1. Working only within region 1-17, note down all residues that are within 16 Å of the chain's Cα centre (by Cα) and surrounded by 10 or more Cβ atoms within 10 Å (Cβ to Cβ).
2. Hey, does region 28-44 have a residue that's within 13 Å of the chain's Cα centre (by Cα) and modelled with pLDDT of 90 or more?
3. Against the conditions (1) modelled with pLDDT of 90 or more; (2) in a loop (DSSP other than H, G, I, E, B); (3) not small (Gly, Ala, Ser), where does Arg11 fall short? Just the number, please.
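The values are calculated or read from the model by the stated rules, or taken from the named source; none is laboratory data. From a predicted model like this one, the values you see are computed outputs, not experimental measurements. For neighbour counting, all protein chains shown are included, and Cβ atoms are generated from backbone atoms with ideal geometry for every residue, glycine included.
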Amino acid sequence: ALLDLEELTERDLDILRARYEELARLAREDLRKGHRDTGRPQVKVD
């Protein structure tokens with residue numbers, strides 16, 4: 001899905017940023033544990 005970022009509120013952008021920061025943190029953690037980085041995480045959709 002595509003997002004029109006210009007139509008989002010600051011709150012919406014903060015929520016998206018927080019979600020992607022968490023995904024990145026989890027991916028880095030998995031890499032440190034020796035897991036592959038080619039998977040696809042479960043993403044919560046509201």
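1. Selection gives Leu3, Asp12, Leu13, Asp14, Ile15, Leu16, Arg17.
2. From region 28-44, those within 13 Å of the chain's Cα centre (by Cα) are 28, 40-44; that's our starting set.
Remaining after also requiring modelled with pLDDT of 90 or more: 28.
Checking region 28-44: at least one residue is within 13 Å of the chain's Cα centre (by Cα) and modelled with pLDDT of 90 or more.
3. The failed condition is (2).
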